[in-house]
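*Asks:* Can you read through this structure? Questions will come right after.
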Amino acid sequence: MKQRLGLDIDGTVTCPTTFIPYLNEAFGKPLAFTDITQYHLAPLYGVTDEEMDRWLEENEADIYERAPLARYALEVIDSWKDRYELYYISARGRHLHKLTERWFQRHGVHYHHIELLGSHDKLDAVRRYQLAAFFEDNYDNACAIAEQCGIPVILFDTPYNQGPLPENVIRVRNWLQAKREIERRLSPSP
């Protein structure tokens with residue numbers, strides 16, 4: 001049986017800067033990616049949580065549909081399609097499943113399973129699918145998965161996910177580094 005890799009979608013497979021131009025235009029702020037120093041966006045844009053939630057609900061589908069791939073993601077994922085089972089576990093709402101599948105097909109991103117949770121709590125899915133490793137951009141998720149599931153978590157470095165890391169969380173700058181790290185950790189010893 002092939003090992004299963006768990007992959008977050010937004011900010012991991014898609015470029016982490018995807019939402020910034022849309023947010024800047026909607027809320028009249030000229031924030032750069034380096035200004036996004038926390039995952040919780042409402043305070044950075046000077047709006048309430050309710051206003052941000054409403055804006056996301058109204059705009060997320062269009063933005064997800066146009067989201068560009070993260071650099072090297074396609075090449076690395078493609079190199080794994082026969083070696084690993086690729087399970088995408090995302091906080092996106094379930095109502096976005098068809099749109100998400102279309103995006104994967106349009107971009108040629110291989111997958112074995114896509115699960116949209118509608119929540120950032122991914123622990124049950126990681127356990128249920130017996131994932132060997134996980135790829136994430138959310139600091140809290142990365143730490144929780146590594147500590148509670150005991151698997152390596154590749155954390156893609158962003159301004160919004162800084163902090164001390166548990167032993168099983170490996171910070172990387174791009175997909176090429178992610179590939180080296182995961183293959184070093186999951187490849188059988190000679």
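*Asks:* Is it the case, given these coordinates, that D82 is surrounded by fewer than 18 Cβ atoms within 10 Å (Cβ to Cβ), in the same structural domain as N174 (by TED's automatic domain parsing) and assigned to a loop (DSSP other than H, G, I, E, B)?
*Replies:* In short, yes.
*Asks:* In the list T12, T34, T100, which residue meets the criterion of being part of a helix (DSSP H, G or I) and buried (at least 19 other Cβ atoms within 10 Å of the Cβ)?
*Replies:* T100
*Asks:* Go through region 142-190 and give me each residue that's out of contact with any helix residue (DSSP H, G or I) (no Cβ under 8 Å at 6 or more places or on another chain) and of a type in the set (K, R).
*Replies:* R171, R173, R180, R184, R185
*Asks:* Something else about it: Given the structure, is A42 surrounded by fewer than 18 Cβ atoms within 10 Å (Cβ to Cβ) and closer than 26 Å to D140 by Cα?
*Replies:* Here the answer is yes, as A42 does meet what is asked.
*Asks:* List every residue pair whose Cβ atoms lie under 7 Å apart, where the two residues are 6 or more positions apart in sequence or sit on different chains, the first residue falls within region 115-130 and is in the same structural domain as E147 (by TED's automatic domain parsing), and the second residue, located anywhere, is in a loop (DSSP other than H, G, I, E, B) and of a type in the set (D, E, K, R).
*Replies:* As it stands, the answer is L116/R92, since those pairs meet every condition given.
*Asks:* While we're looking at this one, here's another question. Just a yes or no: is a residue in region 1-20 within 20 Å of the chain's Cα centre (by Cα) and of a type in the set (K, R)?
*Replies:* Yes, there is a match, as at least one residue in region 1-20 is within 20 Å of the chain's Cα centre (by Cα) and of a type in the set (K, R).
*Asks:* Also: What's the number of the condition Y72 fails, among (1) under 24 Å from Q162 (Cα atoms); (2) without any contact (Cβ under 8 Å) to a residue 24 or more places away in the chain?
*Replies:* It fails just one condition, (2).
*Asks:* Take the conditions outside the structural domain of F33 (by TED's automatic domain parsing) and of a type in the set (D, E) and apply them to D157. Does it pass?
*Replies:* Yes; evaluated as a whole, the condition is true for this residue.
*Asks:* Check L41 against each of (1) among the aliphatic types (A, V, I, L, M); (2) touching a helix residue (DSSP H, G or I) at 6+ places or on another chain (Cβ under 7 Å); (3) farther than 19 Å from F156 by Cβ and name the one condition it does not meet.
*Replies:* Tallying (1) among the aliphatic types (A, V, I, L, M); (2) touching a helix residue (DSSP H, G or I) at 6+ places or on another chain (Cβ under 7 Å); (3) farther than 19 Å from F156 by Cβ, L41 fails exactly one: (3).
*Asks:* Kindly indicate whether any position in region 112-123 is of a type in the set (D, E) and surrounded by 15 or more Cβ atoms within 10 Å (Cβ to Cβ).
*Replies:* Yes, that holds for at least one residue.
*Asks:* Within region 155-190, which residues are part of a strand (DSSP E or B) and more than 19 Å from L131 (Cα to Cα)?
*Replies:* Matches in region 155-190: V172 only.
*Asks:* In the same structural domain as Q162 (by TED's automatic domain parsing), assigned to a helix (DSSP H, G or I) and farther than 25 Å from V172 by Cα: is that true of R54 in this structure?
*Replies:* no
*Asks:* Can you find even one residue in region 56-75 that is within 25 Å of L176 (Cα to Cα), loosely packed, with under 15 Cβ neighbours inside 10 Å and of a type in the set (G, A, S)?
*Replies:* So far as region 56-75 goes, no, none of its residues is within 25 Å of L176 (Cα to Cα), loosely packed, with under 15 Cβ neighbours inside 10 Å and of a type in the set (G, A, S).
*Asks:* Taking L44 as the residue in question, decide whether it is in a strand (DSSP E or B) and either over 25 Å from L123 (Cα atoms) or in the same structural domain as Q130 (by TED's automatic domain parsing) (or both).
*Replies:* The answer is no for L44.
The values are calculated or read from the model by the stated rules, or taken from the named source; none is laboratory data. On a predicted model such as this, the values are computed, not experimentally measured, just so you know. Cβ coordinates were reconstructed from backbone atoms using ideal geometry, including for glycine residues, and neighbour counts include every protein chain displayed.
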